[in-house]
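Right, one structure below, let's go through it.
Quick note: the coordinates plus some simple rules give every number you see, no bench work behind them. This structure is a prediction, so every number in the text was calculated from the model and none was measured. FYI the Cβ positions are ideal-geometry reconstructions off the backbone, even for glycines, and counts take in every protein chain you see.
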Amino acid sequence: MEIKNVKLSNDNFFAERKEVLEQWPTGKNVDFDEAVKYQNSIPIGKRFGDKMEKAKKEGITLIQPRAGVALYTEHIKLLQYLETEGEADLLPSTIDSYTRLNRYKEAEIGIEKSKESGRSMLNGFPAVNYGVDICRTVTSSLKSPVQVRHGTPDARLLTEISIAGGFTSYEGGGISYNIPYSKNHSLEKTIAHWQYSDRLIGLYEEAGISINREPFGPLTGTLVPPCISNSVAVIEALLAATQGVKDITVGYGQCGNLIQDVAAIRSLNNLTRIYLDRFGFHDVKVTTVFHQWMGGFPQDESKSFAVISWGAAAAVLARATKVIVKTPHEAMGVPTKEANAAGLKATRQLTSMLKDQSFVDIPAVISESRIIEQEMKCILDKVEEFGKGDYAKGTIAAFEAGVIDVPFAPSKFNAGKVMPARDNSGAIRFLDPGNIPLTDDLRIFHRQKLEERAAYEKRAISFQMVIDDVYAIGKGFLVGRPSDHK
């Protein structure tokens, strides 16, 4: 199939929509006009995009957890607890893995087993199985705005039910919910599926209902150089805006070096705005989300709080609009509601303490931000060249050529040649840039940074550095030093 970055026609969209709504019985209960009326009845204080825009204007960082369980009554109790005891500004409904894979029959079995056992037998909320009315029961039971978070390559039916069900923000994208999550889904298919989801949200926008859209920033969450994740975020923002989306939150996953993390959010915000404006999307709102550390966590709860707090500090010093919060039980599996609330409260303390401080404009951040922006431009210029101005076509060609290459991604459509490692201060650099089209100056810069580390550690630059870095934070460090430096 040939994919193009053009707005779907109404004829094509509605022909496809008929098939989408027949995927599972709850799809038949989606009525677009009625859903517009329902969304219109949701007060401004519960609209995700409005709260994000207000926070950006006020220069504050909102806090949001991840959370989701199988039984909707328990899901409501969990979110109410995180709203009150956890002091969350924004709430999630994290979708279960069966729903993410469009395996609704297995999700239905999971619901029944959860009822029998009295505990959640799914790792999230099965929104498609519950349908519009139960989703509305969930969203109307809370005082705060609620977002759907998932990881679904084909999220078309989930989008239909979620927005009709009263959710006012929706996460994901055809690249970020494919390459880091899936082995066999082609980019052509997932970009097409997400064009459908974004066109649906564009139709709500045209009907006067603004739905916040958030591409998934961290990708694999493992030593991803900021220029790669930022470039994907800019592309997904352009693809969404083409379909009529007007409110976009671009994201980034914490890497651990404070200067680089602040610079990454700074460059992400700058270039997303520049590229949207360049293609005529001046009316699209841009906000940012910072994801606390996505890699391995310490087993010890107290040490985990240190990792959470470091992420909270980085987010607020970067002036991110919101921060996605981890829990002190991260290394142990699904957290309790108490642990989830504890992570939120620790983050709240940091965002409150640091709200009057910013690192965005300090010289070291500006310098690092320029490096990231140069790298992003190298990638994005080549994507545009491959696609002859079409970012959908260009993205597919760029992945085939390894021009975009996500470290440690499972997808067979990802080249897997890029190898990142930390420099001596913990910033992520390219040990091997693979086929990413960096300039000679940038390649020399990365090599020099890793040579500084190698000299300090008295060892050669090698793949062992990468292995050491992957496991470092779980062992209490950022940079994976050889044993004599521990």
Too long for a 32 Å Cα-Cα cut-off, among K303/K458; K54/K303; K56/K475; K285/K412; K57/K143; K54/K345, are K54/K303; K56/K475; K285/K412
So the angle from the long Cα axis of helix 127-140 to the longest Cα principal axis of the chain, reported in degrees to the nearest 10, equals 90 degrees
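Within the chain, what is the longest stretch that has no GluC sites (Glu not before Pro) placed in a DSSP loop and near at most 13 other beta-carbon atoms within 10 Å?
My reading of the result: 23-486 is the longest stretch.
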Over all viewing directions the Cα convex hull of the range 1-131 casts an average projected area in nm² of 11.1 nm²
So the angle from the long Cα axis of helix 363-386 to the longest Cα principal axis of the chain, reported in degrees to the nearest 10, equals 60 degrees
Pseudo-spin-label distance T84 to S302, built 7 Å along Cα→Cβ, given in nm, is 3.2 nm
Whole-Hz Karplus couplings 3J(HN,Hα) for the range 296-308, θ = phi - 60° and coefficients 6.51, -1.76, 1.60, Gly and Pro as x, run x, 10, x, 5, 6, 4, 5, 5, 5, 4, 5, 5, 4
Computed ³J(HN,Hα) along the range 415-423: with the Karplus parameters 6.51/-1.76/1.60, θ = phi - 60°, integer Hz and x for glycine or proline, the list is 5, x, 9, 5, 10, x, 8, 7, 8
The rounded separation in angstrom of the Cα centers of the range 195-248 and the range 137-192 is 11 Å
Going from the fewest other Cβ atoms within 10 Å to the most, one would list I63, I467 as I467, I63
Exposure proxy check on M1, M353: fewest-to-most Cβ neighbours within 10 Å is M1, M353
One finds, for D432 and K77 with R0 = 56 angstrom and r their Cβ-Cβ distance, a FRET efficiency to the nearest 0.05 of 0.70
Charge dipole of the chain built from unit charges on the beta carbon (Lys, Arg +1; Asp, Glu -1), centred at mean Cα; most positive-end Cα among G131, L90, A398 is L90
Zone reached by a paramagnetic label modelled 7 Å from R278 Cα along Cα→Cβ, restricted to the range 217-235 with backbone N below 14 Å, covers 231-235
Of the convex hull drawn through the C-alpha atoms of the range 71-142, the volume per residue in Å³ is 81 Å³
Sequence order, the range 56-73: Karplus ³J(HN,Hα) from phi using 6.51 cos²θ - 1.76 cosθ + 1.60, θ = phi - 60°, Hz rounded, Gly and Pro as x, gives 4, 5, 8, x, 10, 10, 7, 10, 9, x, 10, 5, x, 9, 6, 8, 5, 5
Excluding residues fewer than 8 positions from K246 in its own chain, the aspartates and glutamates with Cα under 19 Å of it are D50, E53, E160, E171, D198, E205, E206, E214, E236, D277, D283
Here, trypsin sites (Lys or Arg not before Pro) of the range 290-379 satisfying both criteria (DSSP loop; at most 15 other Cβ within 10 Å) are K355
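Sorting F48, F14, F445 on the 10 Å Cβ count, fewest up front, what's the list? Numbers along the way, then the final one.
Details: F48 28, F14 12, F445 16.
Listed from fewest to most nearby Cβ atoms, that is F14, F445, F48.
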Magnitude of the Cβ-charge dipole (Lys and Arg +1, Asp and Glu -1) of the range 10-353 about the Cα centre, nearest 20 debye, reported as 580 debye
If one compares the long axis through the Cα atoms of helix 258-278 with the longest principal axis of the Cα atoms of the chain, the angle in degrees, nearest 10, works out at 60 degrees
So K355 and K18, fully extended at 0.36 nm per residue minus their Cα-Cα distance, gain in nm 116.5 nm
Note: K475 to E2 extended length (0.36 nm per residue) minus current alpha-carbon separation gives 165.6 nm
Extension length gain for I109 and A460 (0.36 nm per residue less Cα distance), in nm, is 121.0 nm
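Relative contact order of the chain: what whole-number percent is it, with Cα pairs under 8 angstrom and at least 6 residues apart?
Averaging sequence separation for qualifying contacts and normalising by length gives 15 percent for the chain.
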Here the relative contact order (percent) of the range 154-263, from C-alpha pairs under 8 Å and at least 6 apart, is 30 percent
Of the candidate values (1) 22.5; (2) 21.2; (3) 25.4, the one computed for mean projected area of the Cα convex hull in nm² from this structure is (2)
Place a point 7 Å from the Cα of I467 in the direction of its beta carbon; the residues of the range 392-428 whose amide N falls under 18 Å from it are 408, 419-422
Partner aspartates and glutamates whose C-alpha sits under 17 Å from that of K113, ignoring same-chain residues fewer than 8 away, are E74, D96
Taking the alpha-carbon centre of each part, the distance from the range 2-30 to the range 418-466 in Å is 46 Å
Under the helix-only model (-39500 (n - 2.57) for each DSSP H run of 4 or more, divided by the residues of the chain), the mean residue ellipticity at 222 nm, to 500 deg cm²/dmol, is -16000 deg cm²/dmol
Loop-resident trypsin sites (Lys or Arg not before Pro) in the range 135-169 with no more than 13 other Cβ atoms inside 10 Å, DSSP not H/G/I/E/B, are K143
